[in-house]
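Each reported figure results from applying straightforward, stated rules to the coordinates on display, with no laboratory input. Since we're looking at a predicted model, the values are computed, not measured. Cβ placement follows ideal geometry from the backbone for every residue including glycine, while neighbour counts extend to all protein chains displayed.
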Amino acid sequence: MRLFAIVFSKKPNLYKKPMRDNRVYLIHIRDCIAKIESYTADGKEAFLSDPKTQDAVIRNLETLCESTQKLPDAWKAAHSSTDWRRIADFRNFLAHQYLDIDLEIVWSVVENYLPDLKTTIEAIAQTFWNE
């Protein structure tokens with residue numbers, strides 16, 4: 001407990017300077033998707049039976065969703081069929097309602113929504129990468 005008090009009593013700056021190159025967020029999203037695909041490759045039962053995998057998937061979903069919020073509005077507007085607000089809401093739920101997370105819903109997101117988001121992110125990268 002004392003170490004915790006010492007570390008946080010000095011109020012360290014845990015944040016880096018804001019990223020200015022929006023492509024960094026695309027990289028974050030792509031990396032998170034790849035990790036989630038890797039972590040869930042053994043299927044639903046493996047996911048549901050392994051708390052470490054659950055934690056890794058949920059953490060990467062949070063990061064992915066947070067990164068989508070930082071994409072430029074013009075990029076998201078070009079793909080308005082993606083429910084960007086719902087993605088942000090899902091991140092907020094994962095981060096703030098962590099005691100109420102339903103792993104069946106998490107699995108459903110991974111299985112049913114992540115592939116479409118991956119396609120959208122690749123399309124955004126294709127269109128806007130060189131801006």
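Once fully extended, how much extra length lies between D21 and K44, figured as 0.36 nm per residue of separation less the alpha-carbon to alpha-carbon distance? Please list the in-between numbers first.
Numbers: separation 23, 0.36 × 23 = 8.28 nm, distance 3.59 nm.
Result: 4.7 nm gained on full extension.
Stokes-Einstein diffusion coefficient for segment 20-128 at 25 °C in a medium of 0.890 mPa s, Rh from the Kirkwood formula over Cα pairs: what value in µm²/s?
Values: Rh = 14.2 Å.
Once the numbers are plugged in, D ends up at 173 µm²/s.
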A95-Q126 pseudo-label distance in nm [points 7 Å out on the Cα-to-Cβ vector]: 3.1
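Counting only other residues whose beta carbon sits under 13 Å from that of L117, what net charge do I get with K and R as +1, D and E as -1? Let's see the in-between values first.
Numbers: positive: R30, K76, R86, R91, K118; negative: E37, D83, E111, D116, E122.
My count for the surroundings of L117 gives 0.
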Note, ³J(HN,Hα) from phi for segment 97-113, Karplus 6.51, -1.76, 1.60, rounded to Hz, x at Gly and Pro: 10, 4, 6, 10, 5, 9, 5, 5, 5, 4, 4, 4, 4, 4, 7, 9, 10
Nearest-20 debye value, segment 20-128 charge dipole, Cβ charges on Lys, Arg, Asp, Glu: 500
Order of V57, V106, V24 under a 10 Å beta carbon neighbour criterion, fewest first: V24, V106, V57
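Relative contact order for segment 39-131: what is it in percent, counting Cα pairs under 8 Å that are at least 6 residues apart?
On the way: 43 pairs, mean separation 25.0, N = 93.
Relative contact order for segment 39-131 comes out at 27 percent.
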Out-of-range pairs (alpha-carbon distance over 18 Å; input K52/K118; K70/K118; K76/K118): K52/K118
Separation in nanometres of the label points that stand 7 Å from Cα toward Cβ, at A78 and E111: 3.3
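Stokes-Einstein diffusion coefficient for segment 71-131 at 25 °C in a medium of 0.890 mPa s, Rh from the Kirkwood formula over Cα pairs: what value in µm²/s?
Details: Rh = 12.9 Å.
The Stokes-Einstein estimate is 190 µm²/s.
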